[in-house]
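Undergrad: I have a structure here, written as C-alpha cells, and I will follow up with some questions on it.
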Amino acid sequence: MTANRGKVTTATLRTMKAQRQRISALTAYDHMFAGLLDEAGVDVLLVGDSVATVVQGRDTTVPVTMDQMVYHTELVSRASQRALVVGDMPFLSYQVSIEDAMRNAGRLLKEGLAEAVKLEGGRDFAPTVQRLVAAGIPVMGHLGLTPQSIHQFGSYRARGQDAAEQQGIVDDAKALEQSGAFGIVLEKVPAELGRRVAEAVAIPIIGIGAGPHVDGQILVTPDLLGLFTRFRPRFVRRYRELANEVGEAVRAYCRDVQSGSFPDANESY
Ligand code: KIV
C-alpha cells in the first residue's frame with residue numbers, strides 16, 4: 001500500500017518503479033469487492049478476463065465477451081476512488097484488426113470507465129499498442145503464460161523454460177515498452193527471468209508467479225481470499241479461507257431457519 005498517495009495513475013506507477021516502491025495489484029469484478037479493495041489501499045484494480053473462470057464458472061478465459069467485460073469494468077470503476085482501474089481486452093477483441101482493438105478498447109474507457117486496458121502478447125501486437133496509445137488509451141501488456149492462448153499451448157505450464165523462450169519474453173517486453181505500454185503483467189515464469197525482464201525496461205513489471213524481483217505483484221482476488229478453491233496454482237498465497245467461512249455461516253443460517261430461532265423478536269417488526 002502506498003500510504004498518503006493520491007489517485008494512482010500510470011505516471012504514479014512509473015514513479016513507483018523508479019523509486020523502488022513495490023506496486024500492489026488485485027483483480028476485481030464487481031462494485032462491492034472493488035470498493036473493499038480500493039479502501040484497503042491496493043494500487044491497481046484489474047478487471048481481469050479471469051472473470052470467466054472465477055465468476056462465470058467457465059474452464060478457460062476464452063468465452064468471456066466484450067459486452068461482459070464492459071459490464072464488469074463499469075461496476076468496478078464506479079467503486080474505485082484511488083486505484084488505477086485496468087479493463088482486460090477479452091479474446092478476439094483485439095486480435096482481428098487494429099480497428100477492432102481501437103473500438104473495443106475505447107468501449108472499456110467510454111462505457112466501462114476504465115483508465116487503461118490490458119492485452120496479451122508482445123512484438124506481434126506492437127502496432128496495435130502504438131495505435132491505442134496514440135489515441136490516448138493507456139495499455140498494459142501481458143507476457144509469459146497468456147491464458148487466452150491455452151488451446152495453442154495445451155497446458156498452463158510455466159513459460160520461459162529455455163534460453164530462446166526467455167530471450168523472446170525479454171524482446172517482447174522491450175517491444176511493448178517502445179510501443180508506449182505503461183506496464184506489463186508477467187505470468188508464471190522463473191524468478192530469474194522476472195528479474196531480467198524488470199531490469200530490461202523502465203516500465204513496471206507486475207508479476208503473478210514471476211518471483212520477488214519484479215516491480216509489483218498481482219493475484220486473482222478470490223484466490224487470495226480462499227473463495228475460489230477449484231484449483232490452486234503454486235504462486236497463490238491464500239490470506240484467508242473464506243470458502244470455509246461462507247459454508248459455516250450458511251449452515252448456521254439454515255439451522256436457525258429450520259429451528260425457528262431466526263428471526264427473533266429484535267429482528268421482527
Ligand atoms: O485475467 C486476469 O485475472 C489476469 C491476471 C492473471 C493478471 O490477467
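The values are calculated or read from the model by the stated rules, or taken from the named source; none is laboratory data. Just so we're clear, the structure is a prediction, and the values are computed from it rather than from any experiment. Because the Cβ atoms are built from the backbone with ideal geometry, glycine has one as well, and the counts that use them run over all protein chains shown.
Undergrad: Which pairs do you get when a residue that is under 14 Å from Gly48 (Cβ atoms), found in the range 65-81, comes within reach of a residue that is among the aromatic types (Phe, Trp, Tyr), reach meaning Cβ atoms under 9 angstrom, with the pair 6+ apart or on two chains?
TA: Once the first residue is under 14 Å from Gly48 (Cβ atoms) and sits in the range 65-81, its partners that are among the aromatic types (Phe, Trp, Tyr) give His72/Tyr29; Leu75/Tyr29; Val76/Tyr29; Val76/Phe33.
Undergrad: Also, I was wondering about something else. For the range 198-221, which positions are more than 15 Å from the ligand (Cβ to nearest atom) and either out of contact with any helix residue (DSSP H, G or I) (no Cβ under 6 Å at 6 or more places or on another chain) or among the β-branched types (Val, Ile, Thr) (or both)?
TA: Ala198, Glu199, Val201, Ala202, Ile203, Pro212
Residue-by-condition table, conditions (1) within 20 Å of Thr53 (Cα to Cα); (2) within 15 Å of the ligand (Cβ to nearest atom):
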{"residue": "Phe91", "(1), (2)": "yes, yes"}
{"residue": "Arg103", "(1), (2)": "no, no"}
{"residue": "Gly112", "(1), (2)": "no, yes"}
{"residue": "Thr146", "(1), (2)": "yes, yes"}
{"residue": "Ala163", "(1), (2)": "no, no"}
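Undergrad: For a quick check of your reading: which helices (runs of 4 or more DSSP H) sit entirely within the range 38-124 and have at least 1 residues that are out of contact with any Ser or Thr (no Cβ under 9 Å at 6 or more places or on another chain) and not aromatic (Phe, Trp, Tyr)?
TA: 66-79, 98-110
Undergrad: Going by what's in this entry, would Ala164 be described as modelled with pLDDT of 95 or more, crowded, with 17+ Cβ neighbours inside 10 Å and either part of a strand (DSSP E or B) or in the same structural domain as Thr128 (by TED's automatic domain parsing) (or both)?
TA: no
Undergrad: Please go through the range 44-77 and give me each residue that is more than 14 Å from the ligand (Cβ to nearest atom) and touching a His at 6+ places or on another chain (Cβ under 6 Å), ordered by number.
TA: Scanning the range 44-77 gives a single hit, Leu75.
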